[in-house]
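All remarks here apply to the structure that follows.
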Amino acid sequence: MGIIETALSGIGLLAGFSLLTGLRILREYERGVVFRLGRARQSLAGPGLVFLLPFGVDRARIVDTRIMAMQIPPQEVITRDNISIVVSAVVYAHVGSPRHAILEVDDYLPATLQLAATTLRAVVGKMELDDILAHRDAINDEVRSILDTRTDQWGVEISAVELKDIELPK
């Protein structure tokens, strides 16, 4: 083998290796938002075998589209009748639009969790303690409705909100 054949085989090996590094496998519940030279492409990648151009030309942000259970940490709330209680809840959400979840908000999970915590405090804070204890379902529905409206622009869909615990003052 001469120098030219060795060089061509080296170039061929390098080209084959670089093409293989561009292959990604996305699971059924994953979608990729592909950026080509920093600009988001129109179509989503996945599920299945996805080819990305090598050498940093294409980059992908992978989004999990399954329903996530997000625990809202205990929130101290003062009710309308001036009683201090601690409320915690769980939010069930999934990404309906991966493109919006990546492009419209910095990090959709913490943003959704922060919005859920502040919304829970606002909804519970405008009620009296007796109403909170008697109408948990109404609180769940109101918080879910507000969250779903606000997170729609982020591509996040809220499927349910459940009050988990209400700690009464001692």
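The values are calculated or read from the model by the stated rules, or taken from the named source; none is laboratory data. Note that the structure is a prediction, hence the values are computed from the model and not measured. FYI the Cβ positions are ideal-geometry reconstructions off the backbone, even for glycines, and counts take in every protein chain you see. Surface areas here come from the heavy atoms of the whole protein model, side chains and all, with no ligands, DNA or RNA. Shrake-Rupley method; radii C 1.70, N 1.55, O 1.52, S 1.80 Å.
Worth a mention:
- Flag for Arg99 being assigned to a helix (DSSP H, G or I) and surrounded by 13 or more Cβ atoms within 10 Å (Cβ to Cβ): yes
- Within the range 81-92, being touching a residue at least 24 places away in the same chain (Cβ under 8 Å), surrounded by fewer than 17 Cβ atoms within 10 Å (Cβ to Cβ) and more than 17 Å from Glu142 (Cα to Cα) holds for Asp81, Ile83, Ser84, Val86.
- The residues in the range 8-25 that are at pLDDT 70 or above and among the hydrophobic types (A, V, I, L, M, F, W, C) can be counted, and the count is 5.
Okay, residues lined up against (1) among the hydrophobic types (A, V, I, L, M, F, W, C); (2) crowded, with 16+ Cβ neighbours inside 10 Å; (3) in a helix (DSSP H, G or I):
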site	(1), (2), (3)
Val123	yes, yes, yes
Asp130	no, no, yes
Leu133	yes, no, yes
Ala138	yes, no, yes
Val143	yes, yes, yes
Asp152	no, no, yes
Ser159	no, no, no
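- As for the range 97-109, it holds at least one residue that is under 21 Å from Gln153 (Cβ atoms) and touching a His at 6+ places or on another chain (Cβ under 9 Å).
- Condition met for Gln75 (at pLDDT 90 or above, more than 18 Å from the chain's Cα centre (by Cα) and under 22 Å from Tyr108 (Cβ atoms)): yes
- Top-ranked residue in the range 93-111 [being out of contact with any helix residue (DSSP H, G or I) (no Cβ under 9 Å at 6 or more places or on another chain) and touching a residue at least 60 places away in the same chain (Cβ under 8 Å); ranked as farthest from Arg121 (Cα to Cα)]: Arg99
Matching residues to (1) more than 30 Å from Thr119 (Cα to Cα); (2) surrounded by 15 or more Cβ atoms within 10 Å (Cβ to Cβ):
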position	(1), (2)
Gly22	yes, no
Leu37	yes, no
Asp58	yes, yes
Thr65	no, yes
Glu76	no, no
Thr79	no, yes
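- Qualifying residue in the range 46-66 (condition: touching a residue at least 40 places away in the same chain (Cβ under 8 Å), assigned to a strand (DSSP E or B) and within 17 Å of the chain's Cα centre (by Cα)): yes
- Qualifying residue in the range 11-20 (condition: loosely packed, with under 15 Cβ neighbours inside 10 Å, closer than 30 Å to Gly125 by Cα and of a type outside the set (Val, Ile, Thr)): no
- Residue in the range 23-35 that is without any contact (Cβ under 8 Å) to a residue 12 or more places away in the chain and either aliphatic (A, V, I, L, M) or part of a strand (DSSP E or B) (or both) present: no
- Scanning the range 107-121 for residues that are within 18 Å of Val90 (Cβ to Cβ) and either open to solvent by 60 Å² or more (accessible area, probe 1.4 Å) or not hydroxyl-bearing (Ser, Thr, Tyr) (or both) yields Leu109, Pro110, Ala111, Leu113, Gln114, Leu115, Ala116, Ala117, Thr118, Leu120, Arg121.
- Set Ala93, Ala111: member being assigned to a helix (DSSP H, G or I), closer than 26 Å to Asp148 by Cβ and modelled with pLDDT of 95 or more: Ala111
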